[in-house]
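The values are calculated or read from the model by the stated rules, or taken from the named source; none is laboratory data. None of these values were measured; they are calculated from a predicted model. Cβ sites come from the backbone with ideal geometry, for glycine too, and all protein chains shown count toward neighbours. SASA here: full protein model, heavy atoms, side chains in, ligands and nucleic acids out. Shrake-Rupley method; radii C 1.70, N 1.55, O 1.52, S 1.80 Å.
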Amino acid sequence: MASTNAANAMRPNWMQWMVVQAFFCMNLVCVIGYAIAAGDLATQLDLSPEQLGLIGGAYFVAYSLSQLVLGLLLTCVPLRPLIGGTAVMAAIGAWGMVTAGSFLSLLWARVLLGIGFGMAFVGVVHVIGRIYPKRFPLMLNISQSAANGAGALVGLFAFLPVVHTPSRLFSLCTAILLILAVLMLLLLGDLGNGTNPAPTQPQGWHAITAGLGECLGSLSFWVGTLYFLGLFSCFLALEDLWNIRFQINVFALKADLAATINAMPVIGLAFGGVISGVWAERTGLQRPARWFSVLALLMMMLLISVRLSEGVAFVVLFLLGFGLGAAPLGLAFVRQQLSERAALVASPLLLTVVFMGAGALMAGVGQELADDSVLSFSLYQEAMTAFIVPVAIAVGLGCRIRSPSHSGTTP
C-alpha cells in the first residue's frame, strides 16, 4: 500500500516537470521560428537590419524583465496561476506574429511573446529545485538541452512549409500554447514528493529584499552570472537571429541550408548540456565549466579567422554549441554558494541579467550593421568580435567556478 502511494505521488511530480518542460521547449521553438522567419518578415514588411535587431532585442528585454518580476513573485505566489496566465499571453503574442502587418505590430507581438515566456525558464528551474534538488546541475542541463533540441528540430525541418511559413508556424504555436496553459492549470499544484523536503513557505517582501541584497553583494553570484551570461548571450544572439542572416548574406547560402546550419549550435548545445551536466555531477563544476568554455572560445576564434567550407562550418558550429552548453553550470554554482533564502531569488535575477545581455548584444550587432547594405566578410568579422568578447570573459571566470569541497571536486 505504501509503495502504491509512493508511485502515485511520483507520477504527478513527473508530469509537472514534463508539462513545464514542454512550455520551455515552446519558448525555443518560437525563438528559432522567428530566426527562420526573419528573412521573409523583413521582405514582407520592408524591415532594415537595424529594425530586425531592435525587434530581436526587444523580445529579450521584455523576456528578461518579465522573468525578473515573475520570478520574484514566484517566491510568494503559487506557480500554477503565474505560469498558466503567462502561457495564455505567449499564445496571444504568437497569434500577433501571424497577423503582424507592420514593424510596430511585429514589435508588439514579440514583446508579448517575451512577457509570456517570462515564466518558462524560471518555471523549469523552480520545478527542478523542488523535485530534483540533489541532482540540480544535471537536471537543469538536461532541461536546457531538451528545449534546445526542440529548437534544433525546427531548424532541421525548416524546409517544411509549416515551419518556414510564419503564419502556419505561429498559428500552430498558438494552439499548442493554449493547450499547455490548460494542462498547467490542471496539473500544477504542490511540488515535491515523499523523499524530498516540503516546499519552502512563501516569503514576504522583506525576505525577498534581503535575498536580493545578498545576491548583489556576493562575488560568487557575479562570477556565476557573468559566466552564464558570457556563454549563453553569445548563443542566443547568434543562434536566434544573426547566424542565419550571416549565412545567407555573407556566405551566399540558400535559406533552407542556412537554417540547417543554424541548427548545428542548437544540437551541439543539447549534447554539451547533458555531457557537461553528467561530468559536473561526477566530478564537480570546476572542470566542465573551464574546459567547455575554452572549447567555445577556440571555435569562435576559428569562425572569425577564416572562411570555412560548408562541411567544416557544420562541425565548427556544432562544437561551438557543444562548448556553450555548459552555461547553466553558472546557475548551479550560484545556487550552491548562496543561502536558501538568496538562492530562491538568485535564479530570476541571474536569468534577467543573462537575457538582457543577449538582447543588448543582438541589438548592438544590428546597430553596427545598420549602415551597410551589403555584408562583406570583413564586416562579418567585425560583428563577430561582439560575440567573442563575452565568451572570452566566461573562460576567465570559469577558473573561479568550483563545487564545495564536500562534493569531491579537486581544488
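Some values worked out for this structure:
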{"item": "Cα-centred dipole magnitude for the chain, charges only on beta-carbon of K, R (+1) and D, E (-1), debye, nearest 20", "result": "1220"}
{"item": "CD proxy at 222 nm, helix term only [per DSSP H run n ≥ 4: -39500 (n - 2.57); per residue of the chain; nearest 500]", "result": "-27000 deg cm²/dmol"}
{"item": "With Cα atoms, 0 to 90° folded angle of helix 255-283 axis to the chain main axis", "result": "30"}
{"item": "Surface share of carbon and sulfur [accessible, 1.4 angstrom probe, percent] for the chain", "result": "68"}
{"item": "Principal axis box of the chain, alpha-carbon based, largest edge first, Å", "result": "65, 48, 40"}
{"item": "Heavy-atom accessible area per residue - the chain, 1.4 Å, Å²", "result": "39"}
{"item": "Spatial separation of Cα centroids for the stretch 142-193 and the stretch 36-63, in angstrom", "result": "21"}
